[in-house]
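Notes to accompany the following structure.
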Amino acid sequence: MSALMHLIYSSAATQVFTPEDLVALLALARKKNASLAVTGMLLHIDGSFLQVLEGEPEAVDGIFRTISADPRHTQIVTIIREPIPRRAFSDWSMGYANVTAEELAELDGANDFFTGAACLTRLNSGRTKKLLGAFKEGRWRSRLSSAALAASSARREPALRERPPISFAFEPIYDANENAIVSYEALLCSQDGGPPDEALNQCNTALDRARLDMEARVLAIGLAARLALPCGLTLSLRAHHADQAAQALRSVLDTATQCGVEADRITIAIDQDQLIGDPVAFASIIQQYRGAGLKISVDHFGAGRSGLSQVESYQPDSIALDENLVRDIASNGPRQAIVRGIIQTCDDLGIDVVVKHVCLPVEYEWFRNEGVSLFQGPLIGQPKFEALTRDLPVPEQWLP
């Protein structure tokens, strides 16, 4: 009996995918599918997907269930699901992720998938050409109308009583080991991309500021989802009390669910100096929502009250070093000793270290030599207003 199966399906996209969006989507797919030993290929043309998945039945069906629940797909049609004696792909082959009609017409002789004698065993060359011909001609392609796309986007956009005069810029967080952008931090700004002072100055009371803080995260998640967020999202938590924190984190989970963003892709950055009240109650709230999937980071680590005691209290997934620990690190011996101690402690506890505010190549080089891989700052990539940067940094150009 075969332990392998393949599944072929078609679907319609509920949003517009740019070439950059598709590259990011495929990078995530490769990583996830590799971990499950699932191989295959994906075609995208004019808002329609045709995908082949092959691997162990449990893994293939699990991925297909995830795809079926993804709000970016609709009108999902299973074309073929059957056992196969061997794989047609040695890796996750996505060289033709985004094809034009002209390219699709030429694919029969352009790729092993279409020319190999055993391509998709039990999908012989005649059947293969018929299937792809049907996709090319639109019989396995479903595309949402412009009105349906607009309606779908509106459903994903969180509803607010009155939209506050704010927006967000997104700053990339880069993993040098993976050579990939692994998250974006949502930075509050005005509606035109400037400093958020105007909106903040309209908050005359603590209640006004708490409401703005709550609605800001809702807006940030909605905007990131509309931009087809390909990886993680980091959000600041400015709640002053434990009860505010619980309400804020609940709204994050609810909004993420509404927008189709998995909870484990969201990191909540805590600024200890913003918090007052019972620290034990606050830590308990944090742990409760970590159990729901949210990740926790201690921001501005090494400044003010953000220190090793917070590592014990919150057991964060990551810490972000304060800017003052990053500046002049290459020439400041006492600072190097302090940071080495922090890195060692975090390594022992399985906590990631994010180096923020990296401006100079020598800063990047020093931290890389200490084994740190996560970076953020002007050297890595400037925040983009209501957009996600897709350009990777080129560290080899910075080093001597």
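The values are calculated or read from the model by the stated rules, or taken from the named source; none is laboratory data. Predicted model only: the values in this text are computed from it and were never measured. Reconstructed Cβ throughout: ideal geometry from the backbone, glycine too, with neighbour counts over all protein chains shown. Areas reflect the complete protein model, heavy atoms only, side chains present, ligands, DNA and RNA absent. Shrake-Rupley method; radii C 1.70, N 1.55, O 1.52, S 1.80 Å.
Of note:
- Once the Cβ-Cβ distance of Asp254 and Asp192 is raised to the sixth power relative to R0 = 41 Å, the FRET efficiency obtained is 0.90.
- Using 0.36 nm per residue and subtracting the Cα-Cα separation, the extra length available between Glu262 and Cys359 on full extension is 31.8 nm.
- Estimated from the Cβ-Cβ distance and a Förster radius of 25 angstrom, the FRET efficiency linking Ala330 and Ser309 is about 0.30.
- Cα gyration tensor, region 241-400 - rounded (a/c under 1.5), prolate or oblate: oblate
- Estimated distance in nm for a label pair at Asn177 and Ser68, the labels positioned 7 Å out from Cα along Cα-to-Cβ: 3.5 nm
- Accessible area per residue in Å² at 1.4 Å probe, computed on region 283-400: 48 Å²
- 20 Å cut-off, amide nitrogen to a point 7 angstrom out along Gln382 Cα→Cβ, residues in region 164-185: 167-174, 181, 184-185
- Residue separation of Arg86 and Leu28 scaled by 0.36 nm, minus their Cα-Cα distance, works out to 18.4 nm of gained length.
- Between Glu396 and Ser284, the FRET efficiency estimated from the beta carbon spacing at R0 = 60 angstrom works out to 0.85.
- Where labels lie 7 Å past Cα in the beta-carbon direction, separation of Asp243 and Ala337 in nm: 4.7 nm
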